[in-house]
1. Pick from B:ALA141, B:ALA126, B:ALA175, B:ALA130: which is in contact with a Ser or Thr (Cβ under 6 Å, 6 or more places away or on another chain) and under 28 Å from A:TYR99 (Cβ atoms)?
2. Take the stretch A:93-126 and flag every residue that is within 24 Å of the chain's Cα centre (by Cα) and small (Gly, Ala, Ser).
3. Which of the residues spanning the stretch B:114-126 are away from every other protein chain (no Cβ under 14 Å) and part of a helix (DSSP H, G or I)?
4. Which residue, of A:GLU54, A:GLU33, A:GLU27, A:GLU114, is under 30 Å from A:PRO161 (Cα atoms) and not small (Gly, Ala, Ser)?
5. For the stretch B:60-68, check the following and say yes or no: at least one residue is more than 31 Å from the chain's Cα centre (by Cα), open to solvent by 20 Å² or more (accessible area, probe 1.4 Å) and either closer than 30 Å to A:VAL186 by Cβ or at pLDDT 90 or above (or both).
6. Which one of the conditions (1) assigned to a helix (DSSP H, G or I); (2) open to solvent by 40 Å² or more (accessible area, probe 1.4 Å) does B:SER169 fail to meet, given that it meets all the rest?
7. Could you tell me which numbered condition B:LEU92 fails, if it satisfies all but one of (1) at pLDDT below 95; (2) assigned to a helix (DSSP H, G or I); (3) not basic (Lys, Arg)?
8. Search the stretch B:127-151 for residues being within 14 Å of chain A (Cβ to nearest Cβ) and among the small types (Gly, Ala, Ser), and hand back the single one that is farthest from B:VAL165 (Cα to Cα).
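The values are calculated or read from the model by the stated rules, or taken from the named source; none is laboratory data. The structure displayed is predicted, hence computed values, not measured ones. Neighbour counts are summed over all protein chains in view; Cβ atoms, including those assigned to glycine, are modelled from backbone coordinates with ideal geometry. Only protein heavy atoms, including side chains, enter the accessible area calculation; ligands, DNA and RNA are left aside. Shrake-Rupley method; radii C 1.70, N 1.55, O 1.52, S 1.80 Å.
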Protein chains: 2
Amino acid sequence: MEILKKQSSTRENLGLLAVLEALEGQEQTTQRELAQATGLNLKKVNYTLQKLLEKGYVKFQRVRQNPDKRNYLYILTPAGIKAKSQLTYGFLKFTLDFYTRMEDKLLSCVKEIESSGVDRIALYGASDVARILLGIVADRAVKVVGVVDPGYAGREYHGCPIIPVEDLSTWSWDAMLITSIDDPDVGEAWLLGEGVSSDRIRKLS
Amino acid sequence: MEILKKQSSTRENLGLLAVLEALEGQEQTTQRELAQATGLNLKKVNYTLQKLLEKGYVKFQRVRQNPDKRNYLYILTPAGIKAKSQLTYGFLKFTLDFYTRMEDKLLSCVKEIESSGVDRIALYGASDVARILLGIVADRAVKVVGVVDPGYAGREYHGCPIIPVEDLSTWSWDAMLITSIDDPDVGEAWLLGEGVSSDRIRKLS
């Protein structure tokens, strides 16, 4: 995870970008509103605004007519507008690096499944992870024979058939990979409850 | 960027996952090797190993035959194997959340371009960002009429024609959006050098 090397500076940059985005188009605002808009806590908002002021990315002015509410008028400077664009490209790069890392991770999971002698896998959970895995296995030896998802209404998911719950025991598959990411343990418990033996259930790891 | 709310704990979890991944399949290792494999500094590696030991995710043993090299034998416990899987699902969720945020960002850039009266955009840089934008504009009013990339050999990029450098002034486009993420400023300078006027160049922001 060489990606972690850059994470410290990226984290600060993401904070700067979040506050710049929240400021843009605002007439006037409070630090509390900025905290709500960005997801940063008040201490971080204050720190980030100090940084933005130091760097000359924003100018600010206390709004006199509202002395109690501590409203401020923040204005992005030309340097701030330029910085916001640079931070945006940095954010895109950071996200795409993580995405590539995720694809590598999923590919290595697929390879591990293949090397354990499994030919036909089913996926539990019609999620983005399932969608990405369908792309990865397209040119691999292992085949995805279906997707199980009791909450999914369609008949197929990105070209792969949805396995009806009642066909779970008759459908031909060697292992069931849990691709529901919000709560993989719930998926595992459900499968065990449907009589799937634990040695046929695989989790991403 | 509500995503920032969860980032602190995610960061520690990514560290735990990176060290668990680096330990897996290793016979014995040093903290220095772990730092190299994970991208974390030695202080962070030490902190993370302490966390993993506290949580009971790894057991360790000093290897006696190498007293100088401070080699240790680390073993993932059953709890550690389970935790690694949970952390992996967390990492996938984190990455997909960021990816969704990136798509939202690119969509809002497209909307801003549309609202400025631009109908036909060209993209500078045959990058992943260009590829994602091509997907986003597919059902929008604005059209991508070509991709400019002096370093790209093909004739088209994901179904979109590559604009030969010599056709830059005759090809019909209203604005050029910089999609090269490694160094957008270099792209901008190159376009200016090719005689593109600065008011036709757009950057992501």
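1. Details: B:ALA141 fails: in contact with a Ser or Thr (Cβ under 6 Å, 6 or more places away or on another chain); B:ALA126 fails: in contact with a Ser or Thr (Cβ under 6 Å, 6 or more places away or on another chain); B:ALA175 fails: in contact with a Ser or Thr (Cβ under 6 Å, 6 or more places away or on another chain).
After ruling out the rest, the residue left standing is B:ALA130.
2. A:SER108, A:ALA122, A:GLY125, A:ALA126
3. Result: B:GLU114, single match.
4. A:GLU114 is the lone residue from the list that is under 30 Å from A:PRO161 (Cα atoms) and not small (Gly, Ala, Ser).
5. no
6. (1)
7. Single failed check for B:LEU92: (1).
8. My answer is B:GLY135.
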